[in-house]
Amino acid sequence: MTTPDALITTYERWRQAGRPTQVPSKWNQKSWTNQLGQYEDFFKELKGDPIDRKQAVQLAPVVTNEEEAVQVFLLAMLWGYGLVGYGPFRTRRILDRPEAAAELFEVAHVAQSDGGLAAFKLIADRRNGGERSFLKWLGPAFGTKYIYFLTAKNNPQEPAPVMDAVVYRWFRKHAPDRKLRVGFWHTPSYKQFLNSLEEWAADISQQFDQEIQIDDVEYLIFAEGSRFEGNDWSESWEAEQRVASPSLLFDQLRALANSSHNELQSLALITELEGLLLPVDEQGELA
């Protein structure tokens, strides 16, 4: 299959604009510290500065222990959520599990030694093999953000980019024969996604005699329709993250409940309501 025309068009606009980098994600240091106070020193080191993907890769350590794995995970979440209000709550929910740091370190070890697809497969196999609690609450949309920063830091020539709902809709529109499943950890979909990016990156590099990496291709998928002037596309992406769905509204309620004097009672009521009203597949995953 040839490279989709939509991708070529976006690439040409990007090239004419001088191949600008992604606009950094703003984040609120106080909001993140309120939810994740144990990492206050780490947040202070970042000084509340906006973070783009290249800066996050530079800031991320090569992971050699659980603490460093958590730091890379936090960078991925800060970059991914930005100012989205329920981001700190959802991140805390994952990290509050006693096993979380060890599980993140295990994924980091596999990603750094065997690559992003192997790390994705590790999580998928654990989840689908009955170990449902492995990295509980972490879905592939934000899980692949973590995998991306691990691989981009360890091997910049072979990063494993982000696969989420934006990618899914783009593929459904522009590459309908390459069907992806992004609602759960589905290894064949991630493999097809990576293979597609590699194919299109090679084709574009050859057509325009200018090298392009697979994470550049993923960036262009997110930036479809952008004129690459200012932050026109990043603002539309941030707006999409705020589109209400039942599961996101529940998490917004949880975030508010965490600041109340009756936190435990409020959270218990929200969880009970969630169990009554939401489909099962929306009750345990981070979007």
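Here are the numbers:
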{"item": "Residue ranges of helices (runs of 4 or more DSSP H) in the stretch 72-186 with at least 1 members buried (at least 24 other Cβ atoms within 10 Å of the Cβ) and touching a Leu at 6+ places or on another chain (Cβ under 8 Å)", "result": "87-95, 100-114, 116-128, 140-154"}
{"item": "Only one of Ile214, Ile147 that is within 17 Å of Thr10 (Cβ to Cβ), under 17 Å from the mean Cα position of the chain (by Cα) and modelled with pLDDT of 95 or more", "result": "Ile214"}
{"item": "Condition broken by Val110, with the remaining ones in (1) more than 15 Å from the chain's Cα centre (by Cα); (2) modelled with pLDDT under 95 satisfied", "result": "(2)"}
{"item": "Cross-chain or 6+ apart pairs with Cβ under 7 Å, the stretch 115-135 first and at positive phi, then in a loop (DSSP other than H, G, I, E, B)", "result": "Gly115/Glu158; Gly115/Ala160"}
{"item": "Test result for Asp52, acidic (Asp, Glu) and touching a Phe, Trp or Tyr at 6+ places or on another chain (Cβ under 8 Å)", "result": "yes"}
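The values are calculated or read from the model by the stated rules, or taken from the named source; none is laboratory data. Note that this is a predicted model, so its numbers are computed, not measured. Positions of Cβ are generated from backbone atoms using ideal geometry, with glycine treated the same way; all protein chains shown enter the neighbour counts.
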